[in-house]
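Coordinate-derived values only; no laboratory data. Just so it is clear, the structure is predicted and the values come from calculations on it, not from any experiment. All Cβ positions, glycine included, derive from the backbone under ideal geometry; neighbour counts span all protein chains shown.
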Amino acid sequence: MRIIHIFNVSIYTVLPMRLTLIVCSLLLLSVCSFTCSQKKQADLLIYNATIYTVDSSFSLAEAMVVSDGKILAVGKSEELQQQYNAKEKVDAQQKFIYPGFIDAHAHFLSYGLGLQRANLVGTNSWEEILNTLTSFSKEVTEGWLIGRGWDQNDWTIKEFPTKDALDSLFPDRPVFLTRVDGHAAIANQKALDLAGVKAGDKLTGGDILTKNGKLTGVLIDNAVDLVSDKIPSPSSSQAIEAVHDAEANCFEVGLTTIDDCGLSFRDVQFIESLQKTGKLKMRLFVMLSDQQANFDYAFSVGKIKTDRLNVSSFKVYADGALGSRGACLLKPYADKPGWFGFLLSPKEHFDSVARIIYEHQWQMCTHAIGDSGNRMILETYARYLQSSNDRRWRVEHAQVVNQNDFALFGKYNIIPSVQPTHGTSDMYWAGDRLGKERIRGAYAYKQLMDQNNWIPLGTDFPVEDISPFKTFFAAVVRKDEKGFPPNGYQMENALSREQAIRGMTIWAAKSNFEEKEKGSLEIGKFADFVILDQDLMKIADEKILKTKVLSTFVGGEKVFDRK
Ligand SMILES: [Zn+2]
C-alpha cells in the first residue's frame, strides 16, 4: 500500500488531469487485484505454526501454502493469509511442523507381513516364546507357525535355544521363528525336514548349529534361507493387508518416505500396482536385492522414478549381524576365541556386483556390520569410485569400523547409513563381542557423519521400532527407553538435535538422490510434513519419547489425524 500512495502523490503533482484519471483507475484495478478479490488461489494454508523448514540455514517460518501437492510459499502467517485464498485453512495453534520423516533404512513389506505373525519382540525367556506360540497356534490354526523378534540376549540364560520343546508341542506343523535381526532363526524338525536340512550340512555364509551331532534347529545367516524359502508366499489379500497395516502405523509416527532395503522385482511390481491405483500412498525408495533375476529386470526396465516410487539401487549383504556373531571381524570375537564371523559371499562376488552396478550407473548399498566386512566393502567401492564422486554409494549400518578406515568414507564420498537405536539396543552386549578397544569404533555416528558432513538415519524396522522419535532420542541422548545409561552411551558420538533432524529428513532424502523434491519445507518441494504436539528442538531430553504426531501430510493430503 505504501508504494501506491507514493505513486499517487507524485502522479498528481506532475500529470495533467485527464491522464491522471486514467492512471488512477489503472492503479485502483491493481490495488484491488493485489489486496482483495484476486488473492492467489491455493489448496491449503497452514498458519500460526512454528515451522522448521530444515532448509540450508535451518530457518523458521509461521505459515505454509500448498497447491497440487507441492509447497507454494513459506513465510509469515499474516502475509500469506493476505496473499492467498486457500480452499482449506488450518490454524496450527502454535504447534510444531517438521518435514515428513524419512527412514533411510527399513523393511516396510517385511514389517507389514510380520504384523500377521507371532510377535516375539521383547520376550524375556524361551518359555514365554513357547506360550506366545501356543496361543498364536489357536488363532492361526493351519499351515506354518511363523514368528519374529526373539533375542536370546534379553534372556536370563543368554544362549541359543534348541528345538526340542517345539518338536513336542508342534510335531506336525512347521515352525519357524526368526531372531530380532533376521540373521538367525530356529526351526522345528518338521520345518527342517521340509527344507531337507540335515546335521552336518555345510554352506557358504551360513551355519547350521548342532549339539552332540544333532540339529538344534538354530540356523545362522544363509542357513536361515534354506527354510524360509520353503514358506509359502502370502496370498495377494494377505500382502495387501500387510502393506496397509504397515502404512497406517508408519503415518501415525510421521513417516512419509521409507527406504525398503532389499526387495525382489516382483515386490516392486506389487508396490507399483498399489500406488498406481491410489491404494498405497507411502513414498518408497526400494533397493533391489542382490539376485540375478533382479539385475536382469533392473537393467532391462531401467530405473523407476515416480512421485512415490524410486528404484535405482541394489542392496547387497557383506556379512551377518553382531548379535549372532555373523558379523565379519578383523580379529576374533572377544567372547568366542578363534571365531571371526564370516562374509556372506566370496570377495569376487562383491567385486563383480560392484562392477556391474557401477557400469549401469545404479547406486550400491551394502550391509556391513563387522570391521572386516566394512573394510572389504570400502575397498571394493574404492576400486570403482576411485576418487571424489557423486554416486552416493552407501554402507548400510557401518556398525563396527576400524579407526584406519573411517577416512575412506570421506575420500570416496561413501555414505554411511546408520540406525541410532541399534547402538542403544546392542550396548548391553556389544562390548562383550568386541572388547574395550574395538567398541570405540562401533555405533560411531558422529565420527561417521564427520567424514562427509552429512549422514542419513533410519531404524532398520522391524529389527527396531518404527518410531523416528526413538531414532532422534538414541542419536542425540544415546540412552535407551529405560534411560540407560544415565550419562549416555559413548557420548562422543552423539549428534546434535539439528544434525539428527537433518539425518531423518533432508540427509535421508539426499542419500536417495531426492533432496531436490523432499526432505525440507521449501518452495517447489512435496508438501510432506508432520504437525507435532511438542518442539523436538527445544523439549527436555526426557520428554522426547513422549512426542506425538498430531497429523501427517503427504503431498498436501492429510493421511493421519490424531482424534
Ligand atoms: Zn536391514
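Structure notes:
- Charge dipole (debye, nearest 20) of the chain; +1 at Cβ of Lys and Arg, -1 at Cβ of Asp and Glu: 1100 debye
- Segment ASN389-GLU542, length gained on full extension (0.36 nm per residue, minus Cα span): 51.0 nm
- The stretch 255-281 versus the stretch 285-355: alpha-carbon centroid distance in Å: 20 Å
- Diffusion constant of the stretch 456-543 at 37 °C, which comes from Stokes-Einstein with the Kirkwood Cα-pair radius and 0.692 mPa s, µm²/s: 233 µm²/s
- Between helix 17-35 and the chain there is an angle of about 20 degrees, using the helix long axis and the longest principal axis of the Cα atoms.
- For the pair the stretch 369-413 and the stretch 463-493, the centres of their Cα atoms are 25 angstrom apart.
- Packing rank of 487-495, 135-143, where each peptide gets the mean count of other beta carbons within 10 Å, highest leading: 487-495, 135-143
- Gain on full extension, evaluated as 0.36 nm per residue between THR204 and ARG266 minus their Cα-Cα distance, stands at 19.7 nm.
- Computed [θ] at 222 nm, deg cm²/dmol, the chain (DSSP H ≥ 4; -39,500 (n - 2.57); rounded to nearest 500): -10500 deg cm²/dmol
- Reference-scaled alpha-carbon Rg (2.2 N^0.38 Å with N residues) for the chain: 1.11
- The Cα center of the stretch 128-157 and the Cα center of the stretch 42-63 differ in position by 46 Å.
- A protection proxy built from the mean count of other Cβ atoms within 10 Å ranks the segments 272-285, 509-522, most packed first, as 509-522, 272-285.
- Residue order, fewest to most beta carbons within 10 Å, for THR505, THR306: THR306, THR505
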